[in-house]
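Following: one structure in structure tokens, then a few remarks.
What follows draws every value from the coordinates through simple rules; no lab data is involved. Small disclaimer: the values here were computed from a predicted structure and weren't measured. Backbone-built Cβ (ideal geometry, glycine too); neighbour counts: all protein chains shown.
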Amino acid sequence: MNLAICETQAAVGAAAAEIVLNLVRARPGAVLGVATGSSPQPVYSYLAEHHAAGFPDATCFALDEYVGLPSTHEQSYAHFVRRQIGRPLGFRPVNIHVPDGIAEDPEAACVAYEAQIEAAGGIDLQILGIGRNGHLAFNEPGSPFDSRTRVVPLTDDTRQANSRFFDDLSMVPEHAITQGLGTIMEARHLVLVVHGRNKSQALERALNGPLTQECPASILQIHPHVTVIADKAAAESLVRSHSALGSARDFTTAVT
Ligand code: GLP
């Protein structure tokens, strides 16, 4: 695992974006996994600014989608992916994939989504954020490590955290379709971007806590190729806990 601690949120975005650029320059047809939420937005902004050529040959797969929101809904992840990633980065619409939140048969939509990822040759690089409770995508605490794309209920904590994007809490969907932890683990490179003090404990538990389904992001400890990029606020608990950096034998720690 590589760990980089950056001064600012913008620097976190730039560092992650450079990893994406290295991949896409070498392989224009790369398959990217993209996360929604606030954490990866600086990554996408940096890419939009620094890669005028765009991503016409690349493919992207979103991690998750709310159940019940059509892709035209402002808070649907399909809308987010089109607005923040697809259009500004020049992906061809046919190469943008998001789980279908209003599928008549959601279970079949999940199976189809897994098949699309497989048909694309799997995900080369997956950008990830982390929830305050350690969730990855919408894999809440207790999610099986071998889980696949499926419909899941959202916890109160996650709905509360995401209510900032909606008029009020009652508007936040109660279910989502999410790639499973097993699906995410098949991506060849995982890049986790984290900023803000409110993620500090989740990050510490994910990297230094026990490997447990109670902290879904702890699964990163057993992926062969993980890069974690955090700002100083998010890394606070890691740095404070002496054992964190002291025992990080296989971490490359860059403080920039
Ligand atoms: C959401 C998303 C996750 C995201 C997480 C953190 O619930 N489903 O993919 O990583 O919350 O979001 P943020 O970066 O906005 O804090």
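Candidates in region 158-170 are the residues that are more than 15 Å from PHE138 (Cα to Cα) and touching a residue at least 12 places away in the same chain (Cβ under 8 Å); of these, the one that is nearest to the ligand (Cβ to nearest atom) is PHE165. Count of region 67-91 residues, restricted to those that are among the small types (Gly, Ala, Ser) and in contact (Cβ under 8 Å) with a residue 60 or more places away in the chain, is 1. Among the residues of region 173-209, those that are in a loop (DSSP other than H, G, I, E, B) and within 15 Å of the ligand (Cβ to nearest atom) comprise PRO173, GLU174, GLN179, GLY180, ALA187, HIS195, GLY196.
Listed here are the strands (runs of 3 or more DSSP E) enclosed by region 52-150 that have at least 1 residues being closer than 22 Å to LEU23 by Cα and within 14 Å of the ligand (Cβ to nearest atom): 59-62, 125-128.
Summed over region 20-43, residues that are away from the ligand (no atom under 12 Å from the Cβ) and part of a helix (DSSP H, G or I) total 7.
As for region 152-172, it holds at least one residue that is part of a helix (DSSP H, G or I), in contact with a Phe, Trp or Tyr (Cβ under 8 Å, 6 or more places away or on another chain) and either small (Gly, Ala, Ser) or buried (at least 16 other Cβ atoms within 10 Å of the Cβ) (or both).
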